[in-house]
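The values are calculated or read from the model by the stated rules, or taken from the named source; none is laboratory data. What you are looking at is a predicted structure, and each value in this text was computed from that prediction instead of being measured. Note: ideal-geometry Cβ built from the backbone for every residue, glycine included; neighbour counts use all protein chains shown. Ligands, DNA and RNA are excluded from the accessible area calculation, which covers all protein heavy atoms including side chains. Shrake-Rupley method; radii C 1.70, N 1.55, O 1.52, S 1.80 Å.
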Amino acid sequence: MTTLEISDILDAVRNGAQATSQDVIKLLSAEGREMEELFAEAREVRDRQFGKHVFAYGFVYFSTYCHNNCTFCYYRRTNSIDRYRKSPEEIISLAADLKDAGIDLVDLTMGEDEHMYADDYSELLEIISGVKKLGISIMASPGAVKKEAMPKIKAAGADFYAVYQETHNRDLYSKLRLEQDFDFRYNQRVWAREAGMLTEDGMMVGLGESMEDRADAILTMGAEKCEQIRCMTFVPQAGTPLQTLEPMDSYMELKSIAVMRILFPDRFIPATLDVEGIEGMKSRLDAGASTITSIVVPHRHLAGVAQPEKDIESGGRSVQHVFDLVADMGKRIATQNEFRSMIDKLEERIRPKP
């Protein structure tokens, strides 16, 4: 591949052309100077869209119980690990700490915990409602729920609904998410959007997918019109069927972030702290990410997802440390009011017309 081919694709997209699957594959294949050209274009697109603003999402993984048995996940039901389930009071206290520290949004995440699904999701709704009263934006990440739960989750106060497909290759999906219906999971975002929530989808790389699969996932997530899309590198987890899978480096994740930014300029695209911790934040922002996710309050017995303990108790994923590093890059964390204003505009765009 030549530099001209990469430049031609970038020029075409810049002038309004729709990228094809082959275009995306070429961009994802960029190396060396071509890769730097890709990242530079992504940064320019991101800065035109968001200026110096970076958005900050706090993370509260409040239940590590799950009835699923995904082959890639540390929290699969058959893994013999220590688990926890936070009380509503603990969760609200953690969210209050994040709000007081200046975080824009709290991501309330759990495994698909039957306890939280009982009584028509009553405890989950109580948690969302309690956090909403703090006056902070909320992302609900409770897994795949019944369609009729979506309006209740929205009414309780959720602004975003996040559920990741991981891959849009149905055969690969069936090997990763055992006995979980592909369409039921895909429709979570459709149903959430119908209920008035913004949505997030995500892909994972390093699980045996092809380059065509990666391109298809990026284009599919864009076509879904999710307000937030993401890519994460798979990290093998102890006690899972994929624990011996050779891990890949982060470059495919970084190139995926850049391609998503270039093709879908207005989307929130995360720089997660859950894969490489704080040391991976700058490279993801430099690839075009706009949002730092998985900021965790230390010393509160909380876990991450891709890396359950990475940089948490050391304070490396704490609010102040993240804010200081962002400032060192010449950026600043958006205020809660600035972020809320953006959310209000996005919600108005998807609100059903009378």
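Criterion applied to Val205, Val235, Val259 was being touching a Lys or Arg at 6+ places or on another chain (Cβ under 7 Å) and crowded, with 20+ Cβ neighbours inside 10 Å, and the one residue passing it is Val205.
For the stretch 226-239, a residue qualifies if it is part of a loop (DSSP other than H, G, I, E, B) and either over 17 Å from the mean Cα position of the chain (by Cα) or at pLDDT 95 or above (or both), and the qualifying residues are Cys226, Glu227, Phe234, Pro236, Gln237, Ala238, Gly239.
Within the stretch 36-59, can you find the residues that are touching a Pro at 6+ places or on another chain (Cβ under 6 Å) and open to solvent by 20 Å² or more (accessible area, probe 1.4 Å)? The one that is touching a Pro at 6+ places or on another chain (Cβ under 6 Å) and open to solvent by 20 Å² or more (accessible area, probe 1.4 Å): Gln49.
The condition of being closer than 28 Å to Ser341 by Cα, buried (at least 21 other Cβ atoms within 10 Å of the Cβ) and in contact with a strand residue (DSSP E or B) (Cβ under 6 Å, 6 or more places away or on another chain) holds for Glu200. List every residue pair whose Cβ atoms lie under 8 Å apart, where the two residues are 6 or more positions apart in sequence or sit on different chains, the first residue falls within the stretch 257-268 and is in contact (Cβ under 8 Å) with a residue 40 or more places away in the chain, and the second residue, located anywhere, is open to solvent by less than 10 Å² (accessible area, probe 1.4 Å) and aromatic (Phe, Trp, Tyr). Listed by first residue and then by second, the contacts come to Phe268/Phe55.
Only one of the numbered conditions (1) modelled with pLDDT of 90 or more; (2) within 22 Å of Val54 (Cα to Cα); (3) touching a Ser or Thr at 6+ places or on another chain (Cβ under 6 Å) is not met by Val275, and that is (1). Put simply, of Asp107, Asp97, Asp113 the only residue that is closer than 23 Å to Val296 by Cα and at pLDDT below 95 is Asp97.
When you scan the stretch 198-213, do you find a residue that is over 21 Å from Glu253 (Cα atoms) and charged (D, E, K, R), even just one? Checked the stretch 198-213: no residue is over 21 Å from Glu253 (Cα atoms) and charged (D, E, K, R). Taking the condition within 26 Å of Thr335 (Cα to Cα), crowded, with 22+ Cβ neighbours inside 10 Å and hydrophobic (A, V, I, L, M, F, W, C), does Phe62 pass? Yes: the conditions hold for Phe62.
Which residue out of Val326, Val322 is in a helix (DSSP H, G or I), at pLDDT 90 or above and within 17 Å of Leu285 (Cβ to Cβ)? On inspection, the qualifying residue turns out to be Val326. Here Arg77 does not qualify as part of a helix (DSSP H, G or I), of a type in the set (Lys, Arg) and at pLDDT 95 or above.
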